[in-house]
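Right, one structure below, let's go through it.
Each reported figure results from applying straightforward, stated rules to the coordinates on display, with no laboratory input. Small disclaimer: the values here were computed from a predicted structure and weren't measured. No Cβ is skipped: glycine too gets one built from the backbone with ideal geometry, and neighbour counts run over all protein chains shown.
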Amino acid sequence: MTLTHDDIAAPGLRHLCDLEATLGPMMVPGDVQAGQRRMVPITGGRVTGRLRGHVLNLGADWQTILPDRAELDTRYAIETEDGAVIDVRNFGIRHGPADVLDRVAAGEVVDPALYYMRTHPRLMTGDPRYEWLNRTILLGTGARLADRVLIRFYEVT
């Protein structure tokens, strides 16, 4: 048998959970070599779907703001309803038309279809009930609001 690229199945997406993370006041240490640095504390939130629990008041989003995009680098933790602690590292990009991003930055509710916000989260845990997360590739799509962020996590199948 000879394999070709056509024999390789395209990946699918399966909804894992919806995450709503509440945010504390932004801190702006200023310009760094790569752009402007912003730090946004993650103060809590909830997780619903196949994975259920709450976001711990532990972590932050270290953003680098460049002329054409925001690079997102978050680290926080989730505690499931049954007591497992899951370490979340979520990297992403947000970009779009300048006027739309100005509205997002001003705290307006903006249709997320008007800008691009995608992430590639990595979930890790030592809890055997959720160890399958350690070997699962996830993708996220999100929206930024004035005091929180909404993200839908999808398992790549």
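Electrostatic tally near Val28: other residues with Cβ closer than 13 Å to its Cβ, Lys and Arg +1, Asp and Glu -1, net 0. Comparing Cα centroids, the range 99-157 and the range 30-70 end up 10 angstrom apart.
Modelling each spin label as a point 7 Å along the Cα-to-Cβ direction, I'd like the Glu81/Arg37 distance in nm, to one decimal. The two pseudo-label positions are separated by 4.0 nm. In the range 90-106, which residues have a backbone nitrogen under 15 Å from the label point lying 7 Å from Asp68's Cα in the Cα-to-Cβ direction? Backbone N within reach: 93-98. Its relative contact order, with pairs defined as Cα atoms under 8 Å and 6+ residues apart, puts the chain at 22 percent.
Computing Cα Rg over 2.2 N^0.38 Å directly from the structure and comparing it against [x] 1.20; [y] 1.13; [z] 1.07 singles out [y].
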